[in-house]
Structures are given as C-alpha cells and as structure tokens.
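This report concerns only the one structure given below.
The values are calculated or read from the model by the stated rules, or taken from the named source; none is laboratory data. Computed from a prediction, not measured in an experiment: that's the story for all the values here. Ideal geometry is used to build each Cβ from the backbone, glycine not excepted, and the neighbour counts take in all protein chains shown. Accessible surface is based on the protein model in full, side chains and every heavy atom, while ligands, DNA and RNA are left aside. Shrake-Rupley method; radii C 1.70, N 1.55, O 1.52, S 1.80 Å.
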Amino acid sequence: EGYVKYVPPQEDVAAVLLAASPWEQDFLNMILKTGARLGEVMKLKWEDVNFERGYITLWTRKRKGGQMEPRSAPMLSGTKLFEIMKRRWERRGEDHVYVFTNPLTGDRYMKNQHSICLMLKRLCARARVKAFGFHALRHYVSWRLMDSGKCTVADIQHLLGHQRTTTTDTYLKSFMPNMDKLGAVL
C-alpha cells in the first residue's frame, strides 16, 4: 500500500540545525547543500573536495552491480558549503583522510555508531519537532529545489545522483501540489 512520505517543513529543519552541535550542523548542512546520501557524506575524503574548481565528488554504490560511481555537487566560493568545507579543512588533523573524522577512532564515522544512528532522533527531540531521518533530508532538498522554480527535474536528478528520472519523480510525488495555485486556475 502507498503512503505519504514525511518530509519535514523548513521550520523543523531550521530548529534541528539550531539544536545541533557545530560538527552536527556541518554534517547536516553537507546533506542539505548537496543532497548527498548519509553514506556519501561519511565516506567523503579530502581528495574529493576541489576548492579551486568549486565542486565535491560524491561516491555511491547505489548502482546495478554495486560498483562505486562518482557524481559532482557544486561548492562555489562564497556559499555556506564552501565556508564550512574551508573551515573544516583548516582545522583538520594532519592524518585525517575523511572530511568527517570520528575523534574517538580517528577514522570515518560508521552508520551503526550511536553518534550517527541516533543523531536526528536526538536532535528532533531536543528541537521538539516530529522525528525524521537522514533520507527525509534528501526529499526535503528535492522539494526545496522544485519549489524554488529555478531547477528542472533533470537538475534535481543529477544533484541527487539518480540514474532514472522515475526515481526523482517518486521523490517529487511525495509533495502535495500547491493547492492555492490550482484553485486560482480553476
């Protein structure tokens, strides 16, 4: 049976960001500014960050056959994402390969670590908003891009790293149409 995918409203996402610690804000903003999957952010290496050309290479295994495949996300100078990445670069440890390094292990974060798997549940509770997960943030990004009127479905498909437009359509169908606009036409 079908169901309506919960996508948090803008004010809930903002409240969660306010409730987050600085590194959690950076982590969440990476998803919000790139549309990245959780695993893509956790695996992001400094060698995949190109400050000069203004992009980040995200790697995914969400393909037929499971091979790693890259896609680029913009990180233009003067943007929030560029500032976050520059600050993290300047404060990184000499031996840190990953952008988000777990201070307890010195290696990348893993999905099953409490700091990751419970992050949004804890932050949503602290912010007193309805709980949502990391994947809901990808839906939120697609909604914000479509709602802006400045992006096509193909643009959103590319940013999210979907091979098929039908996958992106599934993301966008989870939103209610603008009833005010429809009512004005009828």
Probe 1.4 Å, all chains present, heavy atoms only: Ser72 accessible area in Å², nearest 10, is 50 Å²
Can you work out the accessible area per residue across region 1-103, with the rest of the protein chains kept in place, probe 1.4 Å, in square angstrom?
-> 56 Å²
For region 84-124, just say rounded, prolate or oblate: build the C-alpha gyration tensor, square-root its eigenvalues into a ≥ b ≥ c, call rounded for a/c under 1.5, and beyond that prolate if a/b exceeds b/c, oblate if not.
-> oblate
Accessible-area composition of region 1-73, carbon plus sulfur, in percent [1.4 Å probe] = 50 percent
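For region 11-144, compute Rg over Rh where Rg is the Cα radius of gyration and Rh is the Kirkwood radius from the inverse mean 1/r over Cα pairs.
Rounded to two decimals, Rg/Rh equals 0.95.
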Kirkwood Rh for region 1-61 from C-alpha pairs, in Å, is 13.5 Å
If you place +1 on the Cβ of every Lys and Arg, -1 on the Cβ of every Asp and Glu, and leave all else neutral, what size is the dipole of region 1-149 about its Cα centre, to the nearest 20 Debye?
-> 360 debye
Pairs Lys43/Lys86; Lys33/Lys150; Lys5/Lys86; Lys5/Lys130; Lys33/Lys130: which exceed 24 Å Cα-Cα?
-> Lys5/Lys86
